[in-house]
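Student: To start, I am sharing the structure in question, which I have written as structure tokens.
The numbers here are math on the coordinates, done by the rules we state, and not lab data. Just so we're clear, the structure is a prediction, and the values are computed from it rather than from any experiment. Heads up, the Cβs are rebuilt from the backbone with ideal geometry, glycines too, and the neighbour counts pull from every protein chain shown.
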Amino acid sequence: MQIIIVGCGNVGATLAEQLSKEGHNITVIDSKSDVVQDVSNNFDIMGVPGNGASYSIQMEAGIENADLLIAVTDSDELNLLCCLIAKKAGGCHTIARVRNPVYSREINFIKEEMGLSLVINPEDAAAMEIARVLKFPSAIKIDTFSKGRVELVRYRIEEGSALCDQSLKDISARLKCEVLISMVEREDEVFIPGGNFVLRAKDEISVIGSPKNTIQFFKKLGVATTRAKSAFIVGGGEIAYYLACQLLTFGIKVKIVERDRARCEELSELLPQARIILGDGTDRNLLMEEGLPQAGAFVALTNLDEENIMLSLYVKSISKAKLITKVHRIAYDKIIGQLDLGSIIYPKFITAEIIVKYVRAMQNSIGSNIETLYRMNNDKVEALEFLVKEDSPVLGIPLQELKLKPNLLISSISHKGNVVIPRGQSVIRAGDSVVIVTTLTGLHDIKDILA
Amino acid sequence: MNYSIICYILCKILDFAALFMALPCLVGIIYTEKAAWSFAAVIVVCLAVSLAGRRFKPTSKVFYAKEGFVAVSLSWILLSLVGAVPFYISGEFPTYLDAVYETVSGLTTTGSTILTDVEGLSYSIQFWRCFTHWIGGMGVLVLILAILPLSGSYNMHLMRAESPGPSVGKLVPRVKSTAMILYGIYILITFLQVIALLAAGMGLYEALTLTFSTVGTGGFGLLNTSIGSYSTVVQTIFIVFMLLCGINFQLYYLLLIRKPKDVLRCEELRYYLGIVFLSAALIAFNVRGFFESAFQAFHHALFQVASVMTTTGFATLDYDVWPEFSKTVLFLLTLLGACAGSTGGGFKVSRLVILWRCVKNEVSQASHPRSIRKIHMEGHIVEEGTLRSVQVYTAIYVLLFLVSLLLVSLDEFDFVTNISAVAANFNNVGPGFHMVGPAGNYSQFSGFSKVVLMFDMLAGRLELLPVLVLFSPRTWRKF
């Protein structure tokens with residue numbers, strides 16, 4: 001597809017890289033010409049320097065033939081104007097990033113009237129992601145397929161867990177759960193495991209199955225599956241506000257530490273049920289006084305990455321709370337990942353991921369039949385969901401007789417809403433949605449899995 | 001420096017060299033010439049070496065600007081060395097050095113020759129000489145980018161290092177599609193000229209080879225008199241296609257996507273055509289005494305101007321006997337060259353326009369010290385970086401020119417010969433004046449001078465920087 005991205009900050013650049021790798025033709029517009037230069041040198045895309053809301057600049061970027069315009073500049077107003085002009089000039093789909101809560105509250109009206117395809121609020125999205133993790137704190141990350149009917153739960157094996165030093169065959173024989181361990185990451189290496197694969201402590205495994213079955217799997221392992229009962233949030237920004245709203249509706253108790261008095265008052269008006277504390281989140285005495293060691297979850301949401309990381313490391317040393325750390329800078333994600341901080345939230349990454357997901361769905365209506373795609377572990381692994389069409393060559397053949405490519409695993413088959421963990425005798429039927437986990441890239445159709 | 005990926009690209013170059021040589025080999029088979037065997041042998045060796053090299057898979061995908069420059073320069077040098085082998089082993093060239101000179105001259109679309117008798121060559125060797133122009137015209141790495149599935153960021157580094165012009169832009173977001181469009185236009189123009197020449201009554205072999213020489217703006221001919229013995233109609237076809245290939249290929253893309261207004265608005269095109277017709281008119285007036293009619297004078301003046309300005313280097317007559325004024329105009333056009341983004345070489349019209357505007361700005365700045373003025377070109381402000389690169393380019397251009405002149409003067413030829421030889425090679429034109437005029441050739445130069453001139457040709461074709469990067473010791477340091 002022809003895609004124009006306005007605004008080339010972190011999100012814009014991440015999107016440009018991702019979408020270009022997925023085979024779309026990308027043109028970026030940014031008012032800073034050196035930024036444009038930089039991005040177009042690093043990726044195979046075209047850059048146009050200028051104001052993205054200008055009609056002539058959009059024409060130069062080829063808005064007439066574009067399928068989609070994504071506006072992710074710093075300014076909400078500019079983003080909305082970009083989309084409005086693109087809509088009139090090219091009649092393409094438009095995606096805008098809008099973060100001001102004033103607009104956010106009226107977003108449905110704006111979206112409807114301006115004909116936007118998608119409006120994304122990065123803070124809200126990040127809060128949603130955090131809330132999802134807090135509902136099942138043992139997991140590092142949960143991705144969903146088939147409208148939530150299939151879940152891919154990532155979990156790190158602790159020392160002394162029942163999974164340690166066990167082969168996958170033994171585990172499935174012992175636990176008898178309808179789930180599949182479809183991927184194992186061990187110190188930078190990723191495996192698509194077979195039955196004889198032996199797990200070790202500190203491995204990061206991905207468990208796939210229906211939500212009910214994955215919960216059961218973890219219960220049998222003795223891993224805490226209940227949601228956190230209380231959450232301690234440091235930093236009272238927008239993410240904290242959206243997060244608190246959601247947590248309170250689940251009945252999770254919330255404490256927010258914020259250093260700015262005015263903001264504290266504002267928060268206490270907006271969130272009467274939460275406890276708002278005025279103070280410096282890095283003050284150890286204050287944290288102790290407010291009962292940090294007893295909190296079920298700790299969320300570091302200040303504006304400084306360093307402060308968030310330090311706080312989480314400290315909390316890790318004094319309590320067993322589920323840790324969630326917000327990090328803005330994407331570049332060093334690998335090193336931060338090694339710190340073993342539990343869940344790291346990259347708001348910019350989440351924004352990009354949601355937009356990429358939308359683009360995939362859009363493309364789906366054009367040709368390819370990938371329903372969902374997740375890239376994991378530094379893009380080394382893909383989990384893809386395909387919708388199987390009537391004329392597919394894989395229909396009706398038991399899986400054990402299919403000649404599959406190596407490093408590829410059929411992880412789940414949903415047939416009319418029923419999730420089945422595939423066995424050798426299972427067959428794929430037309431209309432099924434199939435999840436594939438693979439270290440190969442560039443699969444576009446279910447038939448690509450055949451060797 | 002990532003050697004493995006450069007090695008990988010060089011192996012691809014060998015594959016392509018083998019592919020290209022299949023054509024002259026076929027010609028040799030059709031005319032049952034012995035030279036066909038020399039091509040066949042080189043093809044086999046190329047494929048064998050490339051097969052052996054392919055066992056070393058690129059270990060890392062690291063590819064930065066440095067690798068881009070080095071890969072491009074090395075590719076051209078390798079292609080020149082390999083392309084010269086059939087010339088030499090066919091026995092039709094005196095030494096390997098001469099054969100390499102001829103190949104470099106071909107690939108860089110210069111068209112300067114060390115042969116005294118072109119007509120004595122066999123058909124397949126003639127074909128290969130002209131075909132090297134076609135390969136070099138658009139650039140072999142652009143072709144690789146168009147055909148091979150090279151993904152990732154590094155294709156832009158390759159494209160930038162090989163394409164001519166002060167600032168390299170893409171036509172469409174993807175380098176691969178851009179390269180394909182460029183080659184598509186190139187092949188279309190080639191096809192049109194072949195048709196035109198066939199319609200004018202030329203044989204297929206002649207039409208093909210001369211078309212390769214024209215669209216690559218090269219200048220190797222089949223006859224010792226270059227284009228002189230063809231009819232006026234044929235010569236006019238050459239004028240048209242030389243001029244077409246001296247235009248930025250981006251404009252043809254704009255025509256294809258139906259934006260003719262943008263083409264007319266192009267400042268570089270206007271200056272280019274303006275300079276061509278003004279020079280032709282001046283020369284025609286100056287040489288009117290040599291011809292029977294004013295039309296004849298203008299026709300030959302225009303042919304020579306188009307040939308030199310687009311850096312092709314064909315000639316319809318020996319213009320070395322023309323008055324000094326006409327020769328000086330032609331010499332200045334030698335230095336100037338064609339448009340950016342064309343197959344022509346030289347300093348490029350757009351650089352001259354930008355430079356001229358810089359000068360104008362400086363002068364007005366002197367009288368109004370506080371005034372601030374940006375330089376515009378093609379309706380856009382010229383970026384500070386582009387301005388600097390144009391100025392630095394000019395400085396390097398002059399420096400390299402002077403150093404080459406000094407080195408070539410060791411041969412003790414006269415000044416006009418030396419300066420025009422360096423200018424003609426550096427700007428990829430071909431013929432100069434006096435001993436290296438349209439009727440002369442480069443065979444008298446010593447081996448050392450030939451090496452200097454080869455360096456000039458490569459530097460000129462690749463727009464100086466890639467070659468300088470290759471020879472700079474800093475490039476090869478680890479840290």
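Student: Work the Kirkwood hydrodynamic radius out for chain A: mean of 1/r over every pair of different alpha-carbon atoms, inverted, in Å. Don't jump to the answer; show the numbers that get you there.
Tutor: Numbers: mean 1/r = 0.0424 Å⁻¹.
Evaluated on chain A, it is 23.6 Å.
Student: Just round it to a whole percent: the fraction of Cα-Cα distances in the stretch A:139-221 exceeding 23 Å.
Tutor: Details: 451 of 3403 pairs.
Roughly 13 percent, rounded to a whole number.
Student: Related question: If I take every Cα pair under 8 Å that is 6 or more residues apart in the stretch A:139-221, average their sequence separation and divide by the length, what percent do I get for the relative contact order? Could the numbers behind the result be given before it?
Tutor: Values: 155 pairs, mean separation 31.3, N = 83.
Computed over the stretch A:139-221, the figure is 38 percent.
Student: Still on this structure: Take the Cβ-Cβ distance between B:ASP117 and B:PHE471 as r, set R0 to 35 Å, and report the resulting FRET efficiency rounded to the nearest 0.05. Intermediate results must be reported in sequence, preceding the final value.
Tutor: On the way: r = 35 Å, r/R0 = 1.00.
Efficiency computed from Cβ-Cβ geometry: 0.50.
Student: What's the local net charge at B:LEU115, with K and R +1, D and E -1, over the other residues with C-beta under 10 Å away?
Tutor: Working: positive: B:ARG129; negative: B:GLU92, B:ASP98, B:GLU102, B:ASP117, B:GLU119.
Taking every Cβ under 10 Å from that of B:LEU115, the sum is -4.
Student: So, how do all the Cα-to-Cα distances of the stretch A:230-350 break down into 5 Å bins, in percent, from 0 on up?
Tutor: Whole-percent P(r) values from 0 Å outward: 2, 12, 24, 25, 20, 12, 4, 1.
Student: What helices in chain B pass both tests, a Cα length along the helix axis of 30 Å or more and a mean Kyte hydropathy of 1.6 or higher, using whole DSSP H runs?
Tutor: On the way: long enough: B:3-30 (41 Å, 2.06); B:65-89 (37 Å, 1.50); B:175-199 (36 Å, 1.90); B:384-408 (36 Å, 1.57).
Answer set is B:3-30, B:175-199.
Student: Same structure again: Counting other C-beta atoms within 10 Å, and keeping those with at most 11, which DSSP coil GluC sites (Glu not before Pro) do you find in the stretch A:116-187? Kindly include the intermediate steps, with their values, before the conclusion.
Tutor: On the way: sites: A:GLU123, A:GLU129, A:GLU151, A:GLU158, A:GLU159, A:GLU178, A:GLU185, A:GLU187; in loops: A:GLU158, A:GLU159, A:GLU178, A:GLU187.
Filter output for the stretch A:116-187: A:GLU159, A:GLU187.
Student: Could you work out the relative contact order of the stretch A:2-120, using alpha carbon pairs under 8 angstrom and six or more residues apart, expressed as a whole percent? Could you put the intermediate results ahead of the total?
Tutor: Values: 233 pairs, mean separation 27.3, N = 119.
For the stretch A:2-120, the relative contact order is 23 percent.
Student: Something else about it: Starting from the eigenvalues of the Cα gyration tensor, five times each then square-rooted, give me the equivalent ellipsoid semi-axes of the protein assembly as shown, largest first, whole Å. Working shown, then result.
Tutor: Working: eigenvalues 822, 214, 119 Å².
Calculated on Cα positions only, the semi-axes equal 64, 33, 24 Å.
Student: Checking the table A:LYS141/A:LYS202; A:LYS141/A:LYS380; B:LYS66/B:LYS450; A:LYS141/A:LYS403; A:LYS135/A:LYS326; A:LYS141/A:LYS326 against a 21 Å threshold on Cα-Cα, which pairs fail? Walk me through the numbers before you get to the answer.
Tutor: Values: A:LYS141/A:LYS202 16 Å; A:LYS141/A:LYS380 16 Å; B:LYS66/B:LYS450 28 Å; A:LYS141/A:LYS403 32 Å; A:LYS135/A:LYS326 17 Å; A:LYS141/A:LYS326 14 Å.
In this structure, B:LYS66/B:LYS450; A:LYS141/A:LYS403 lie more than 21 Å apart at Cα.
Student: Run the quick spin-label model on B:LYS57 and A:GLN400: label points 7 Å from Cα toward the beta carbon, then report their separation in nm to one decimal.
Tutor: 3.2 nm
Student: For B:VAL349, what charge total do you get from the other residues with a beta carbon under 15 Å from its beta carbon, if Lys and Arg give +1 and Asp and Glu give -1? Walk me through the numbers before you get to the answer.
Tutor: Details: positive: B:ARG270, B:LYS348, B:ARG351, B:ARG357; negative: B:GLU267, B:GLU268, B:GLU378, B:GLU463.
That sum, taken over residues with Cβ under 15 Å, equals 0.
Student: Give me the Kirkwood hydrodynamic radius of the stretch A:50-151 in Å, from all C-alpha pairs, to one decimal place?
Tutor: Numbers: mean 1/r = 0.0656 Å⁻¹.
In the stretch A:50-151 this quantity evaluates to 15.2 Å.
Student: Shifting gears a bit: Report Rg (one decimal) and Dmax (nearest whole number) for chain B, counting Cα atoms only, units Å.
Tutor: Computed over the Cα atoms of chain B, radius of gyration and Dmax are 21.8, 74 Å.
Student: Here is a follow-up. For the stretch A:366-449, what percent of Cα pairs sit more than 19 Å apart?
Tutor: On the way: 1108 of 3486 pairs.
In whole percent, the share of Cα-Cα pairs in the stretch A:366-449 beyond 19 Å is 32.
Student: How many nm is it between the label spots at B:GLU362 and A:GLU187, if each spot is 7 Å from the Cα in line with the beta carbon?
Tutor: Taking the simple label geometry, B:GLU362 and A:GLU187 are separated by 6.2 nm.
Student: Given an 8 Å cut-off on Cα distances and at least 6 residues of separation, report the relative contact order of the stretch B:84-130 as a percent.
Tutor: Details: 31 pairs, mean separation 14.8, N = 47.
Answer for the stretch B:84-130 is 32 percent.
Student: Net charge near A:ALA274, counting Lys/Arg +1 and Asp/Glu -1 over other residues with Cβ under 10 Å of its Cβ?
Tutor: Numbers: positive: A:LYS253, A:LYS255, A:ARG275; negative: none.
So the surrounding residues net to +3.
Student: What are the extents of the Cα atoms of the stretch A:1-119 along their three principal axes, listed from largest to smallest and rounded to whole Å?
Tutor: 39, 26, 26
Student: DSSP loop (so not H, G, I, E, B), at most 14 other Cβ within 10 Å: list which trypsin sites (Lys or Arg not before Pro) in the stretch B:54-110 pass both filters.
Tutor: On the way: sites: B:ARG54, B:ARG55, B:LYS61, B:LYS66; in loops: B:ARG54, B:ARG55, B:LYS61.
The qualifying sites are B:ARG54, B:ARG55, B:LYS61.
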